[in-house]
Amino acid sequence: MLKGFRDFILQGNVVELATAVIIGGAFTGIVTAFSDKIINPLLAAVGGAEGPALAFPIKEGVPETTIDLGAVITAAINFLIVAAVVYFIIIVPMNKLNELRKRGAPEEEVPPTTEDLLGDIREILRTQAATTVGGPAEGPASTAGPFDDTESTEPPRH
């Protein structure tokens, strides 16, 4: 039960999502301070002294109709900062760790196909028939079916 839970937790998507939420929440204060103290004053320098930076009223005298492009730019910059931190601090190392794990894992063997198994069975039956009768199996080789290898002298593959 604990092994299954551990496998579930260590799946890439679960760990990445959880760390993104945690790191995103932790960096919100830092990013907000950066936006309020650095980005907003820079945007305000572009705008005027009468209102928010890069804001345009649709109807004069009604503050609810103001389109504030500075706030949108600030939110986009906040998002990019948080996304970059999460990606470079959490996602890149996690992907590298998963890649290293895959390198150490043994490759899975491909199971034999039905045709391979039937060919092996046919060869075993021919060998048994030849040893019990005292000679090669009788009958034309072409009647064995579409997977007939009468020329093959290889031992069974499996």
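The values are calculated or read from the model by the stated rules, or taken from the named source; none is laboratory data. Since the model is a prediction, treat every value here as computed from it, not as a measurement. Because the Cβ atoms are built from the backbone with ideal geometry, glycine has one as well, and the counts that use them run over all protein chains shown. Side chains included, ligands, DNA and RNA excluded: accessible areas come from the protein's heavy atoms. Shrake-Rupley method; radii C 1.70, N 1.55, O 1.52, S 1.80 Å.
The table below gives the values:
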{"item": "Tabulated pairs, the range 21-39, first of a type in the set (A, V, I, L, M, F, W, C), second modelled with pLDDT of 80 or more and open to solvent by 80 Å² or more (accessible area, probe 1.4 Å), C-beta under 7 angstrom, 6+ apart or interchain", "result": "23/89"}
{"item": "Members of the range 54-67 that are touching a Leu at 6+ places or on another chain (Cβ under 8 Å) and open to solvent by less than 50 Å² (accessible area, probe 1.4 Å)", "result": "54, 55"}
{"item": "Members of the range 75-115 that are within 30 Å of residue 31 (Cα to Cα), out of contact with any Ser or Thr (no Cβ under 9 Å at 6 or more places or on another chain) and among the β-branched types (Val, Ile, Thr)", "result": "85, 92"}
{"item": "Looking only at the range 101-130, and only at residues there that are at pLDDT 85 or above and β-branched (Val, Ile, Thr), the one that is farthest from the chain's Cα centre (by Cα)", "result": "127"}
{"item": "Only one of 72, 86, 133, 82 that is among the aliphatic types (A, V, I, L, M), modelled with pLDDT under 80 and closer than 30 Å to residue 55 by Cα", "result": "82"}
{"item": "Residue count, the range 68-81 (criterion: open to solvent by less than 60 Å² (accessible area, probe 1.4 Å) and farther than 17 Å from residue 37 by Cα)", "result": "1"}
{"item": "Selection status of residue 91, at pLDDT 80 or above, open to solvent by less than 100 Å² (accessible area, probe 1.4 Å) and either among the basic types (Lys, Arg) or more than 30 Å from residue 17 (Cβ to Cβ) (or both)", "result": "no"}
